[in-house]
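Here the structure is laid out as structure tokens; the discussion comes afterwards.
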Amino acid sequence: MLGYSLTAFILFASRQTPPAACTLAGPAVEAHWSGAIPPASTVQAPLRAVTDVPLPGSASRFDYQSLEPASGRLFISHMGAGQLVVFDVHAGKVIGNLDGFPTVTGVLAVPAEHRAYASATGDHAVVVVDDSTLRNVARVPGPRFPDGIAYAPAERRVFVSDESGQRDFVIDATTNTVVSQIELGGQAGNTQYDSTSHCVIVAVQTTNQMAIIHPANSTIVRRITLDKAVRHPHGVYIDAPNRLAFIAGEESGTLGVLDLRTLQLRQVLPVGSDPDVLAFDPELKRLYVAAESGVVAVFEERDGSLVQLGWYRAPKAHSVAVDPATHRVYLPLANVNGRPLLRILMPNPL
């Protein structure tokens, strides 16, 4: 009986352990850049097409994607059709085309919650989907224009960019209710979680800043103002192990490499016009930056810096995802000969 009580106490205590502090907290800083921006790559990206898979729905715009690696389910926001497409990367086929997502933008698969979260901008809501049954289990209203989504695992909270509402909405994943609204002071770009610093990082487009949020108390604990060489930051990817943030400037057509140790820009590199979605292959250390102009810029991370590998061009290829297990790259294309399709590519020299 004593042993049982002690075990129960230890389990209880472990669940009551407070989350780690957000270690990027501190005074406001400016991330300067004084170097030259190199010319854009003229080399064809080291990618080869594997296949084109027809997608359901209308020949209209796609937006974010999110892969659940274990199940191989790739959730694709078919923004123009108001549908969430579910593609099985193992089977190589569409296994679901879900309705009820008007003007869907952001999507995030969260295996820890057995859920996928999608921003139904047309309904000013976030839709919660069971990742096994593919059924909608909740609809969380509130954001004016919900977009990018991040998840803080210790707090079990979902952070949603409200782009035109200039806020980040915080949703309790256990109750599917809004627990906080964080005023950003400008339009919200993408929201990302940094697993090393235990912070949520939001691009604030119209102030040219990155806002650092403590996920436990939903407060902004630091602001980083970016150099104008990276203007109107929108797309963001956090390479947590290597302490780098890759930030796409929509207005400048550049990619800033922010050192999360020094909070200074290490590089500013050219990408396609109006860059949007970023994806990273952690094993190959390849970064893909997709732009509205139909350019996917491909980089390789070497010793904390990015090296240009080339550009891949496809019509309106502004959304990209990568499977870290197979290294395959996924580009949903809105209109190829009047139909939407998913272009699957493989990096060379694999």
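What to note about this one:
- Given (1) of a type outside the set (A, V, I, L, M); (2) farther than 30 Å from Asn337 by Cα; (3) open to solvent by less than 30 Å² (accessible area, probe 1.4 Å), index of the condition Thr262 fails: (3)
- Residue, least open to solvent (accessible area, probe 1.4 Å), within the range 47-71, restricted to residues that are assigned to a strand (DSSP E or B) and small (Gly, Ala, Ser): Ser66
- Verdict on Ile95 being buried (at least 22 other Cβ atoms within 10 Å of the Cβ) and of a type in the set (Val, Ile, Thr): no
- Of the residues making up the range 217-248, those that are small (Gly, Ala, Ser) and over 17 Å from Ser161 (Cα atoms) are Ala229, Ala240, Ala245.
- Only one of the numbered conditions (1) surrounded by fewer than 24 Cβ atoms within 10 Å (Cβ to Cβ); (2) in contact with a Leu (Cβ under 9 Å, 6 or more places away or on another chain) is not met by Val289, and that is (1).
- In the range 148-193, the residues that are open to solvent by 10 Å² or more (accessible area, probe 1.4 Å), of a type in the set (Asp, Glu) and under 13 Å from Ile212 (Cα atoms): Glu183
- Residue in the range 247-254 that is farther than 16 Å from Ala188 by Cβ and assigned to a strand (DSSP E or B) present: yes
- From Leu74, Leu24, residue being open to solvent by less than 20 Å² (accessible area, probe 1.4 Å), assigned to a strand (DSSP E or B) and touching a residue at least 24 places away in the same chain (Cβ under 8 Å): Leu74
The values are calculated or read from the model by the stated rules, or taken from the named source; none is laboratory data. Bear in mind the structure is a predicted one, so any value in this text is a computation, not a measurement. With ideal geometry, Cβ positions are generated from the backbone for all residues, glycine too; neighbour counts draw on all protein chains shown. What goes into the accessible areas is simple: the full protein's heavy atoms, side chains included, and nothing from ligands, DNA or RNA. Shrake-Rupley method; radii C 1.70, N 1.55, O 1.52, S 1.80 Å.
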